[in-house]
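Structure first, commentary second.
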Amino acid sequence: MAEIMRVAKQVVRGLPYLQKELARRASIQTGRALTTPMTYYVIFSGRCNLACTFCTIYTQKEPTISGETMARLVREAKALSGSGFNISLSGGEPTIYKPLPDTLRLAQELGVNFGFTTNGLALTPDNVRRLLAFDPFNINISLESVDPAINEALRPIPDGTRRTIRGIENVLAEKARCGSRVSVIVKPTIMEQNYRTLPALVRHFGRDTKVQINFQPFVGPAGDPHWVKDPQVLTAVLDELAGLQRAGHPIMGGPAVLDGFKEYFSNPPQQGFLRHLDLQGQPRNCDIGLRSMFIYPNGDVHFCDFLGKAIGNVHQHSLSEIYYGELANRQRRHMVGCDIDCQQTCKRPTPLLTKARSFLRMG
């Protein structure tokens, strides 16, 4: 009965998202923005308590989005999107961002779905208790392997693997204790150094866990040591992950996502860090300009940072003015034929049924 009630609540919570999905499809057909963003990705700063080998953002400590600006963004997102949307905070490391508690409190007061991505090192029982008191929407936790030797080579800090896994357990325990709706999502990055151990990571959490696993591939220039060197071995690992998914392990995304990783790593980019698709002149109808806004520490707003062109700045205009502005409309028209291969979780297109299944597992 408790599980039926939980799913029923998720269905009700999901209706505004479904309305936006339908409006987004109408927008693609008409070429007009008939919907509003579903996700606002806010990067407060590069400040972090780790220096991961596959990351460079931790070197970019300034600028930092102020608490005052962060509060304004929460209010403006609410005014623009109403319901059926969420704000995702990342960095850097959000748990060292001093305005985080006040931001969570404001989001709770406004009925805004607010979550963040963390390395999990600061998820102590006391911190988790304070954070979950504000009813966060989700907590994404970065973990590359349950093998400490591998995980801590990529995320260099002594005892970091045990601390991160314990942090996940602390969130799950507090979620059960207080009945929080928070979704716990573990986000490994597929790389040369860890991909062989990813099935063990999935098995570690099991089939009946409240944790979901959301894979994304390494994105970087060709020749980087984090690129997978043997695509055939990776294919076997991805097939094993697909088998675990069919057996009920909570891997997010449908089979097409894992198949997409095979193609992606088999044909790395020849120049730069972006891989391009051969669309043979056909429109791709990329919809990220209708569903997402990325906000960076300097205030620049992008639909997709892969394009390298901001559509506005929050220190000059409101989110609504930016979303409906001419720069945004021009970029949406261009993105219809965009050929960039988007495999990151925040950018790749996801079928509606896949989204619905993942959403129903949340909460």
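Straight-line reach only, C-alpha to C-alpha below 20 angstrom: list the aspartates and glutamates that K210 could link to, leaving out same-chain residues fewer than 8 apart.
E3, D135, E144, E169, E174
Which net charge results when you count Lys and Arg as +1 and Asp and Glu as -1 among the other residues whose beta-carbon is under 12 Å from that of R163?
Every neighbour counted, the sum reads 0.
Using the basic label-point model (7 angstrom from Cα toward the beta carbon), what is the H317 to E169 distance in nanometres?
The modelled label-to-label distance comes out at 5.0 nm.
Taking R0 as 22 Å, what's the FRET efficiency between A122 and E68 from their Cβ-Cβ distance, rounded to 0.05?
For A122 and E68, the calculated efficiency is 0.40.
Within the chain, which is the longest segment containing none of the trypsin sites (Lys or Arg not before Pro) that sit in a DSSP loop and have at most 16 other Cβ atoms within 10 Å?
By the stated rule (loop sites, at most 16 other Cβ atoms within 10 Å), 62-206.
What is the magnitude of the charge dipole of the stretch 1-140 about its Cα centre, with +1 placed on the Cβ of each Lys and Arg, -1 on the Cβ of each Asp and Glu, and no other charges, expressed in debye to the nearest 20?
The calculation lands at about 340 debye.
Say the cut-off is 30 Å between C-alpha atoms; which of K98/K262; K61/K262; K78/K309; K78/K262; K175/K262; K20/K98 go over it?
K98/K262; K61/K262; K78/K262; K175/K262; K20/K98
What is the magnitude of the charge dipole of the chain about its Cα centre, with +1 placed on the Cβ of each Lys and Arg, -1 on the Cβ of each Asp and Glu, and no other charges, expressed in debye to the nearest 20?
The calculated dipole for the chain is roughly 1000 debye.
Quick one: if the Förster radius is 25 Å, what FRET efficiency do H276 and R330 give, using the C-beta to C-beta distance and rounding to 0.05?
Working: r = 21 Å, r/R0 = 0.84.
According to the calculation, E is roughly 0.75.
Please give the solvent-accessible surface of V336 in Å², to the nearest 10, using a probe radius of 1.4 Å with every protein chain present.
Roll a 1.4 Å probe over it and V336 shows about 60 Å².
Out of these labelled values of mean projected area of the Cα convex hull in nm², (i) 19.1; (ii) 17.2; (iii) 18.1, which was calculated from the coordinates shown here?
This structure yields the entry labelled (ii).
Solvent-accessible area per residue for the chain at a 1.4 Å probe radius, Å²?
Per-residue value: 45 Å².
Please report, as a whole percent, how much of the solvent-accessible surface of the chain comes from carbon and sulfur atoms (probe radius 1.4 Å). Don't jump to the answer; show the numbers that get you there.
Details: 8920 of 16440 Å².
It is 54 percent, rounded to a whole number.
Between T53 and R203, what FRET efficiency follows from the Cβ-Cβ distance if R0 is 22 Å, with the result rounded to 0.05?
0.30
The values are calculated or read from the model by the stated rules, or taken from the named source; none is laboratory data. Given the structure is predicted, the values throughout are model-derived calculations rather than measurements. No Cβ is skipped: glycine too gets one built from the backbone with ideal geometry, and neighbour counts run over all protein chains shown. Note: accessible area is taken over every heavy atom of the protein model, side chains too, but ligands, DNA and RNA are not part of it. Shrake-Rupley method; radii C 1.70, N 1.55, O 1.52, S 1.80 Å.
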